[in-house]
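First up is the structure itself, then whatever we jot down about it.
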Amino acid sequence: MELQLHIWRQAGPDKKGDFEEHYLDDLDEHMSVPEMMDHLNKKIIKSGGDPVAFESDCREGICGQCGFVINGHVHSPEKSTTTCQTHLRSFKNRQTLYLEPFRADSFPVKKDLVIDRSAFDRIVQAGGYIGVNTGQASEANTTLINHELAEDAFDSAACIGCGACVATCKNASAMLFTSAKINHLSMLPQGKPEASKRLENMVTQMDSEGFGSCTYTGACEVVCPQDISLKNITELNRKWLWEKIL
Amino acid sequence: MLDAKIPAGELKDKWQNYKANAKLINPANRRNYKIIVIGTGLSGASSAASLAELGFQVEVFTFHDSARRAHSVAAQGGVNAAKDYKNDSDSVWRMFYDTLKGGDFRSREANVYRLAECSMSLIDQAVAQGVPFAREYSGYLSNRSFGGVQVSRTFYARGQTGQQLLLGAYQSLMRQSAGKNLKLNTRHEMLDIITLNGEAKGVVVRNMDTGSISTHHCDALIIASGGYGKIYYLSTLAMNCNATAIWRAHRNGAFMASPSWTQFHPTSLPQLGSYQSKLTLMSESLRNDGRIWVPKSADEKRSPNEIPDEDRDYYLERRYPAFGNLAPRDISSRAAKERIDKGFGVGPMKNAVYLDFKDAIERDGKKTIQERYGNLFEMYRKITGLNAYEEPMMIAPAAHFSMGGLWVDYRLMTNLKGLFSLGESNFSDHGANRLGANSLLQACVDGYFISPSTVMDYLAEIKPMEKDEIHAWEKAAKRTKEKVGQRIDRLLAIKGNTTAEEFHKELGQMLYANCGLARNQKDMEFALGSLYSIQERFYKELLIPGDAAAINFELEKAIRVEDYLEMAILIVKDALQREESCGAHFREEHQTEDGEALRNDDDFRYVSAWEYKGDNRYELHKEHLSFDHVELKERSYK
């Protein structure tokens, strides 16, 4: 299989970047995208060049490390799929691919396709937890949680922190990420005592990181590899309305 | 003879006795002690958070860009606990016995009992953190079964249990990180340990974004850096999993225990081509409902759905009727290899077996199967492009979990004073084969419940570093830092023509072929010779582009591969030395008539702990294993 690649190269956060062209004519359609990048980098290294910096770790779609924009698709042209789980059979032979980093002011490019997503950690640090010290827990079955609620909590908790929602949003909003964590914790009985403080602290941190506002276009939901629902955002806004406005 | 310092008393009282007598430090004085934790997976994050909660000064280093990405995140199936919620006669004793037997009687009774004993508190802790475990409609926690047991004691959050447990630990870590007691450093890799008077007193780390190398002092050091199955190159592990932290500890005097015991997981996806960088795991939980088979005829040409039952060989059900498709991992993997080696494998490379859900879908309906395993079927579709609701999955064994690791005593402290090792990075609880869903458990129990008590017990024996020691420490730190700098310069200066990845691949293939699922003396001696020559070539032909002053992924890989190359030699030596079969360590010379592992309890009832002597030389130390509470039996699942 053959592909024409245009890959974003940028030496550092403050350096100017541009696309670099590569043509690969010995690919296998069952290769994953990072495997294609490994293959390309081997060639670059052997010819004395500087390999493309990109990140991926688990390569099974769960660690959230990977991700670039491929021909305008955040992560992948396939639905609910991370870059690492995208295989070349998703593209046509001799297709041209443009590979770019996830772009947002709050996710500065470190090098080439590597970005800094530490803003997400700081949002969690602001309140994305249940404040239980080790050893304080009571017997697990003393608090019953019905099946549907546990499933709903899981749906929100499944976020892998990849940042695709921010990268695809025209406002670079982090509302899907933030609301999913707030909802996961606050809908469970054990997360209720801190719900109000958590809501305020996490939203405040999100705003101070420079993420944009949400205008409900729903683009985030479309690219989310874990299918985190837009309903998380409406639920967060409903909570905000009750807690902070009314 | 190594002493594990197991507390006196009845098996069931040992941990309680230990805790009751463990030394304490006044809450106001705890802040004077500094603890460094390497790694933010389940054991590292949970230990760091718990120690910071107690009031110690904790500094954490991870090579990831976020603590949440550690590979615990990828564990799918579940976590075990002896809650007996199913009323199926489960108990701490039964879980202890299953784990000990599953490990082929090559682990410590006291450690394994403690693991089972603490399992219940872990479920309580995780639920309190908001881990969304599966629930019955009544609201009670749900369970399923895993291999090697006949009860249902596995708690799960769909096929993402590791992710959810890790997020619980990560969130606890971030909560402490917002306070005064914990400092988290991402994108920092530990490259050496600073020792002073034979004690671990700090680390040298490299900032992977800037390349700067720095030294950090501590009173106790905790390594929780995970397993090294990636040494086989193709494995279920993440690309960046490595042995560097434990190997550097080993080079500083910490013993490496049973390094050749790596578990091959029976339900991974098979290799499809030479470009492949990893193998993806399909959770063991699938074996609750899936039936494993290969065609009876090696020349079978029909597609799987066209093959009638009488032409199928459900070889696990045939060989192990009592446990069937839920036979333990080592046994299932070996049985698959046996069929594949004899030519009965399926798939384009004839390197796989079928895992079939046809009967389960007929019995329970597609919807039920979808609820139980939906995300796994979806993952299978993404990777292979095939629909497992309509045709059987193709699976194969893959390198997965390291039972071996740094030798630790009952306190989880290595023989290098002040250095602790938690989770998969230590050798401790799983013997020669780990049972499914015990890995998440061990990581959490080590981190949440054992290390807070044992690390404090140790710290209470020593004083925080005094002013007059600082000068000596600084000298030692400077020396170690220079050594790290020289090591990096040396690798960069080789400027050959082979990438670190190529060396890694070659090493992995050599190890897999000769010291993998099955081992024999002749092949291993051949591998040893080949590994020496790969190592020699590495120092002549390695090619690293760029320099050390910025992001350089190739340099990171080269450092890890250098350590892997050295470790591989010890792995083969360890496997050669152990003239018996036990668990995942299957020596072809030692098997029963029907091909089962043949243990030699008279001569090998010990843990092999290797001391580093430089230049690929090692000295063997033994920790004798005594079994005072169970009878040593041939491990049978028939």
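Tabulated data for the structure shown
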read-out: In sequence order, calculated HN-Hα J values of region B:239-256 (Karplus, 6.51, -1.76, 1.60; Hz; x Gly/Pro); value: 4, 9, 4, 7, 9, 4, 4, 6, 5, 5, 5, 4, 5, 8, x, 6, 6, 9
read-out: Alpha carbon convex hull of the protein assembly as shown, volume per residue in cubic angstrom; value: 158 Å³
read-out: Residues B:VAL205, B:VAL60, sorted so that the one with the fewest Cβ neighbours within 10 Å comes first; value: B:VAL205, B:VAL60
read-out: Model label zone, B:GLU391; criterion: amide N under 14 Å from point 7 Å along Cα-to-beta-carbon; scope region B:295-329; value: B:301-307
read-out: Neighbouring partner chain Cβ atoms per residue of B:382-393, average, 10 Å criterion; value: 2
read-out: Viscosity 1.306 mPa s, 10 °C: Kirkwood-radius Stokes-Einstein D of chain B over Cα pairs, µm²/s; value: 64 µm²/s
read-out: Residue of A:CYS220, A:CYS63, A:CYS165 that the Gaussian network model of chain A assigns the largest fluctuation, springs spanning Cα pairs under 10 Å; value: A:CYS63
read-out: Length added when fully stretched, B:ASP309-B:ARG31, from 0.36 nm per residue minus Cα-Cα; value: 93.4 nm
read-out: 5 angstrom amide H check on B:ARG312, placed H, neighbours 5+ away; value: B:LYS296
read-out: Convex hull projection area averaged over all views, region B:334-483, Cα basis, nm²; value: 15.2 nm²
read-out: Among beta bridges that DSSP assigns inside the protein assembly as shown, antiparallel share in %, nearest 5; value: 70 percent
read-out: Cα centroid separation - region A:25-81 against region B:504-582, whole Å; value: 26 Å
read-out: Unit Cα scatterers, Debye sum, region B:480-618: log10 I(q)/I(0) for q = 0.12, 0.15, 0.22 Å⁻¹; value: -0.58, -0.80, -1.29
read-out: In Hz, Karplus ³J(HN,Hα) per residue of region B:227-235 (6.51, -1.76, 1.60; θ = phi - 60°; x = Gly, Pro); value: x, 10, x, 5, 4, 6, 6, 7, 7
read-out: J(HN,Hα) series, region B:605-622, from Karplus relation 6.51 cos²θ - 1.76 cosθ + 1.60, nearest Hz, glycine and proline x; value: 7, 8, 8, 8, 10, 9, 9, 6, 10, x, 6, 6, 10, 9, 10, 8, 10, 10
read-out: Gaussian network model of chain A, springs between alpha carbon atoms under 10 Å - residue of A:SER56, A:SER138, A:SER80 with greatest fluctuation; value: A:SER138
read-out: Span per principal axis, largest first, for the Cα atoms of region B:575-638 (Å); value: 45, 30, 16
read-out: Dipole magnitude of chain B, debye to nearest 20 (Cβ charges: Lys/Arg +1, Asp/Glu -1, about Cα centre); value: 1440 debye
read-out: Distance histogram in 5 Å bins (all Cα pairs of chain A, percent per bin); value: 1, 6, 12, 16, 17, 14, 11, 8, 6, 4, 3, 1, 0
read-out: Degrees, to the nearest 10: A:33-46 long Cα axis against longest axis of chain A; value: 40 degrees
read-out: Exercise: per-residue mean of other protein chain Cβ atoms within 10 Å, B:165-174; value: 5
read-out: Fewest-first ranking of B:ASP330, B:ASP299, A:ASP38, B:ASP429, using other Cβ atoms within 10 Å as the exposure measure; value: B:ASP299, A:ASP38, B:ASP429, B:ASP330
read-out: Sequence-separation-based contact order of chain B, relative, with Cα cut under 8 Å and 6+ spacing, percent; value: 20 percent
read-out: Helix-only [θ]222 nm of the protein assembly as shown, DSSP H runs n ≥ 4, -39500 (n - 2.57) each, per residue, nearest 500; value: -11000 deg cm²/dmol
read-out: Modelled FRET efficiency - R0 25 Å, B:GLU461 with B:GLU611, Cβ distances, 0.05 increments; value: 0.60
read-out: Distance in nm between pseudo-label sites at B:LYS522 and B:MET349 (7 Å out along the Cβ direction from Cα); value: 2.5 nm
read-out: Distance from region B:334-387 to region B:39-98 (C-alpha centre basis), Å; value: 29 Å
read-out: Translational diffusion of region B:266-398, µm² s⁻¹ [Kirkwood Rh, Cα pairs; Stokes-Einstein; 37 °C; 0.692 mPa s]; value: 220 µm²/s
read-out: q = 0.13, 0.15 Å⁻¹, region A:3-110: log10 I(q)/I(0) [Debye, one scatterer per Cα]; value: -0.46, -0.62
read-out: Cβ-Cβ FRET estimate between A:TRP242 and B:SER212, R0 fixed at 45 Å, reported to 0.05; value: 0.40
read-out: Spatial separation of Cα centroids for region A:170-186 and region B:182-229, in angstrom; value: 34 Å
read-out: Residues B:THR186, B:THR499 arranged by fewest to most Cβ contacts within 10 Å; value: B:THR186, B:THR499
read-out: Sparsely packed chymotrypsin sites (Phe, Trp or Tyr not before Pro) within region B:107-154, loop by DSSP, other Cβ within 10 Å at most 15; value: B:TYR137, B:TYR140
read-out: Average Cα contact separation per residue, region B:480-618, under 8 Å, 6 or more apart, as relative contact order %; value: 26 percent
read-out: Shielding by other protein chains, B:268-281, mean Cβ within 10 Å; value: 4
read-out: Spatially close lysines, pair count over region A:1-135: Cα under 12 Å, gap of eight or more or interchain; value: 4
read-out: Gaussian network model of chain A, Cα within-10 Å springs - most flexible of A:THR204, A:THR81, A:THR168; value: A:THR204
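Quick note: the coordinates plus some simple rules give every number you see, no bench work behind them. Owing to the predicted nature of the structure, the values given are computational and were not obtained by experimental measurement. Cβ: placed from backbone, ideal geometry, glycine included. Neighbour counts: every protein chain shown.
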